[in-house]
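Working notes, structure below.
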Amino acid sequence: MNGRIVLVTGGSRGIGAAVARLCARDGWRVAVNYRSDAQAAHTVVSEIRDNGGDARAFAADLGDAAAIPALIDAVEREMGLPLALVNNAGITGGLGRFADLREDVLRAVIDLNLVATLLCSQSLVRRWTGAGMQGRIVNLSSVAAATGSPHEYVHYAASKAAVEAFTVGLARELAGQGIRVNAVAPGVTHTDIHAAGGDPHRAERLASRIPLGRAADPEEIAEAVAWLLSEKASYATGTVMRVAGGL
């Protein structure tokens, strides 16, 4: 079997689902992680299989740190040790002033957006090091890391800024082992993360502020992720690629 296995966290919808499909197009075998929407995950898996690819769905709530090694164990047992990791799972925690943010929401955002990214990466880096594998990681950041997203989700922006710092630091730490670590920072994208955050029409509302005049489609973000995973990006590490329509 093809040993090029990629684990995509939050791979059942939005950017994650687009990444899963494009990775399969590029010859990756895809482990699609999801938290609770099994139907959406299995739809992505079915689409990949119908097009001649190999994919399987794996349920795990990555906001629970204990679920992370269990997820990677399951992927390794059923498919093999992943060569690549896409840390895509994330939430905004809703829109509003930082002063009004509840502590439980803040912790949920940090646990999923940042801590899960660190722990998923750490778990695979340990296994790659033990196996002598030159793995690759792509983290999903956000243009919010640069703008700060005042009056909307400062806490989310802070979590993504931390992801970018982690990306650069880990890339430099692992460069000597041939492990590449990069990030993609999307701008406003047509996904259901806006509805989950309480503003389903946010992408349309903000389109006029974007130099290109529109929000991105998930596939446009996924193309950047797929390139960073590929051998074409063999000299790219510690890079944060902004794909934000000019923002």
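Considering only region 89-150, give the helices (runs of 4 or more DSSP H) lying wholly within it that have at least 1 residues that are surrounded by 15 or more Cβ atoms within 10 Å (Cβ to Cβ) and in contact (Cβ under 8 Å) with a residue 60 or more places away in the chain.
Working: elements: 103-110, 116-131, 144-147.
Qualifying helices (runs of 4 or more DSSP H): 116-131, 144-147.
Just a yes or no: is a residue in region 153-166 of a type outside the set (A, V, I, L, M), surrounded by 18 or more Cβ atoms within 10 Å (Cβ to Cβ) and not in a helix (DSSP H, G or I)?
Checked region 153-166: at least one residue is of a type outside the set (A, V, I, L, M), surrounded by 18 or more Cβ atoms within 10 Å (Cβ to Cβ) and not in a helix (DSSP H, G or I).
Looking at ALA74, ALA65, ALA70, can you tell me which residue is among the hydrophobic types (A, V, I, L, M, F, W, C), surrounded by fewer than 18 Cβ atoms within 10 Å (Cβ to Cβ), out of contact with any Ser or Thr (no Cβ under 7 Å at 6 or more places or on another chain) and not in a helix (DSSP H, G or I)?
Exactly one of ALA74, ALA65, ALA70 is among the hydrophobic types (A, V, I, L, M, F, W, C), surrounded by fewer than 18 Cβ atoms within 10 Å (Cβ to Cβ), out of contact with any Ser or Thr (no Cβ under 7 Å at 6 or more places or on another chain) and not in a helix (DSSP H, G or I), namely ALA65.
In the list ARG25, ARG21, which residue meets the criterion of being within 18 Å of PRO218 (Cβ to Cβ), at pLDDT 95 or above, surrounded by 20 or more Cβ atoms within 10 Å (Cβ to Cβ) and basic (Lys, Arg)? Full working, then the answer.
Details: ARG25 fails: surrounded by 20 or more Cβ atoms within 10 Å (Cβ to Cβ).
Criteria check complete, one pass: ARG21.
Can you pull out the residues in region 9-46 that are hydrophobic (A, V, I, L, M, F, W, C) and assigned to a loop (DSSP other than H, G, I, E, B)?
Listed by number, the list holds a single entry, TRP28.
When the residues of region 38-62 are filtered to those that are under 17 Å from the mean Cα position of the chain (by Cα) and over 19 Å from MET79 (Cα atoms), which remaining residue is surrounded by the fewest Cβ atoms within 10 Å (Cβ to Cβ)?
ASP61
The values are calculated or read from the model by the stated rules, or taken from the named source; none is laboratory data. Keep in mind it's a predicted model, so treat the numbers as computed, not measured. Cβ sites come from the backbone with ideal geometry, for glycine too, and all protein chains shown count toward neighbours.
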